[in-house]
1. For region 49-63: of the residues being at pLDDT 90 or above and not in a loop (DSSP other than H, G, I, E, B), which is farthest from residue 79 (Cα to Cα)?
2. Quick one: how many residues across region 65-84 are of a type in the set (A, V, I, L, M) and in a strand (DSSP E or B)?
3. Could you count how many residues in region 43-76 are surrounded by 15 or more Cβ atoms within 10 Å (Cβ to Cβ) and among the aliphatic types (A, V, I, L, M)?
Amino acid sequence: MCGAEDHALRAGNTHAAPHRPGDRHQQFRRARLSYEKDAAQQFADAVLTGGTRNLAFLETFDATSSIIQDFTGDPDLLSEKIED
């Protein structure tokens with residue numbers, strides 16, 4: 001028979017393991033942001049390489065928006081701005 005603590009861990013009770021509040025959420029956000037940055041860099045490489053005349057820009061938005069990089073055809077410059 002399982003003890004109550006064992007059952008709580010199987011049910012996904014995150015309070016059973018010692019951690020600081022927000023650590024798990026913060027790790028998830030970092031992993032997700034890393035995935036999104038990688039996807040953005042792959043997209044920029046695909047769109048801006050191969051002798052095309054395509055341009056791309058980088059914009060962030062929340063309550064307001066900000067242009068991080070104006071239109072450019074340079075995939076390295078865009079990748080640099082994505083990493084920042």
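1. Out of the qualifying residues, it is 59.
2. Of the residues in that region, 2 qualify.
3. Total meeting the criteria: 5.
The values are calculated or read from the model by the stated rules, or taken from the named source; none is laboratory data. Bear in mind that the values here come from a model prediction, so they are computed numbers and not experimental data. For neighbour counting, all protein chains shown are included, and Cβ atoms are generated from backbone atoms with ideal geometry for every residue, glycine included.
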